[in-house]
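Peer 1: Provided herewith is a single structure, encoded as structure tokens, for subsequent inquiry.
The values are calculated or read from the model by the stated rules, or taken from the named source; none is laboratory data. Being a predicted model, the structure only gives us computed values, none of them experimental. Ideal geometry is used to build each Cβ from the backbone, glycine not excepted, and the neighbour counts take in all protein chains shown.
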Amino acid sequence: MSDLRIDQETIAPARMTGLLLRNETPIVPKNSIAGRSLVAVVAIMTFLSSLTVGAVMLVRAAATDWQSDVSREITIQIRPVQGRDIESELREAGDIARAFPGIADVRIYSREESASLLEPWLGTGLALDDLPVPRMIVVRLAPGASADLTQLRTTLTGRIPGATLDDHRAWIDRMRAMAQTSVIGGFGVLILMLVTTMLSVAFATRGAMATNRPIVEVLHFIGAKDGFIAGQFQRHFLVLGLQGGMIGGGTAVLVFALAGLVGNWGRGTVSGDQLMALFGTFSIGIEGYAAVVAQIVVIATVTALTSRRTVNRTLGSVE
């Protein structure tokens, strides 16, 4: 009798598999309302998570570019002092900077260039002679070289009254903090998306189990193992997860592609140049598209594993 029982437990799942193949009737209906709703939920979650990852990558890349550009430049400001010739002081400050090792280029801004920098705040037709507006010198550091900025600052302030040197460290620290905050926030949003997807799949699986409970009980009665039943649900929800993931991920890819095209069309305009300065070309590159594909696979896998876990826990209550 024990041998007979073992044979039945071994053969029953195979018989059920053959029955499913012959009748082509799966345990879980393919085109149910709950299934379509779950595909929509997974698509929305994948779309939002893909947008989050893409936005984080854009901000991080832009912040890295900003840090790279700002860290290679320092600014010398010469404030006008009564009784002193600011033009001669500008030339002297430029000569001092050029004499220091590690300096690649020194550019003294003219009156017209200084006025153009202030136009967004003070308007056009600005007369610098009427205002104590400081003049600026932009100094670029040589790639890979380290200049003694402390000594340069001391020399400038000692020889030229009103001279200040700004190495933009405060801005670099702020940009680094912003990039780290965006990455942490992006990971937090992704975790929330995955948790929401898991809860949605769990509810959908329980609903499918409740709808097909008589079939599950019959399968138990004739000897089908829990692994066989759970595998049917897992394959069903894996397909749903892949469908929703591909819809949501594909839509996100189209959004980034359209954003890149719009950014290229707006190049050369004031608003377009400002957006490109902040976020780059809106292109997430190969790494971004690979991240979207990885999210589709992860969400589909999470959907399948969540359904299997839910089925296994639910089958424990089936007698």
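Peer 1: What are the residues in the range 137-177 that are surrounded by 14 or more Cβ atoms within 10 Å (Cβ to Cβ), in contact with a Phe, Trp or Tyr (Cβ under 8 Å, 6 or more places away or on another chain) and assigned to a loop (DSSP other than H, G, I, E, B), if any?
Peer 2: Residue satisfying the conditions is 147 alone.
Peer 1: Let me ask something else about it. When residue 223 is evaluated against the numbered criteria (1) touching a helix residue (DSSP H, G or I) at 6+ places or on another chain (Cβ under 6 Å); (2) assigned to a helix (DSSP H, G or I), which criterion, by number, is the only one it fails?
Peer 2: (2)
Peer 1: Test residue 245 against the criterion of being under 19 Å from the mean Cα position of the chain (by Cα), modelled with pLDDT under 80 and either part of a helix (DSSP H, G or I) or on the phi > 0 side of the Ramachandran plot (or both), and give yes or no.
Peer 2: No, not satisfied.
Peer 1: Could you please give the count of residues in the range 217-245 that are without any contact (Cβ under 8 Å) to a residue 60 or more places away in the chain and closer than 25 Å to residue 288 by Cβ?
Peer 2: So the count comes out to 1.
Peer 1: Would you confirm, using the coordinates I've provided, whether residue 111 is out of contact with any Cys (no Cβ under 6 Å at 6 or more places or on another chain), surrounded by fewer than 16 Cβ atoms within 10 Å (Cβ to Cβ), basic (Lys, Arg) and farther than 19 Å from residue 85 by Cβ?
Peer 2: Spelling it out, it is not the case that residue 111 is out of contact with any Cys (no Cβ under 6 Å at 6 or more places or on another chain), surrounded by fewer than 16 Cβ atoms within 10 Å (Cβ to Cβ), basic (Lys, Arg) and farther than 19 Å from residue 85 by Cβ.
Peer 1: For the list (1) assigned by TED's automatic domain parsing to the domain that holds residue 297; (2) exposed (fewer than 14 other Cβ atoms within 10 Å of the Cβ); (3) hydroxyl-bearing (Ser, Thr, Tyr), I need the number of the one condition that residue 205 fails.
Peer 2: (2)
Peer 1: Just one of the numbered conditions (1) modelled with pLDDT of 80 or more; (2) outside the structural domain of residue 88 (by TED's automatic domain parsing); (3) among the charged types (D, E, K, R) is not true of residue 135; which one?
Peer 2: All conditions are met except number (2).
Peer 1: With respect to the numbered conditions (1) exposed (fewer than 13 other Cβ atoms within 10 Å of the Cβ); (2) part of a helix (DSSP H, G or I); (3) modelled with pLDDT under 80; (4) of a type in the set (Val, Ile, Thr), which one is the sole condition not fulfilled by residue 70?
Peer 2: That leaves (1) as the condition not met.
Peer 1: Something else: Count, please, the residues in the range 73-92 that happen to be within 16 Å of residue 133 (Cβ to Cβ) and part of a helix (DSSP H, G or I).
Peer 2: So the answer is 4.
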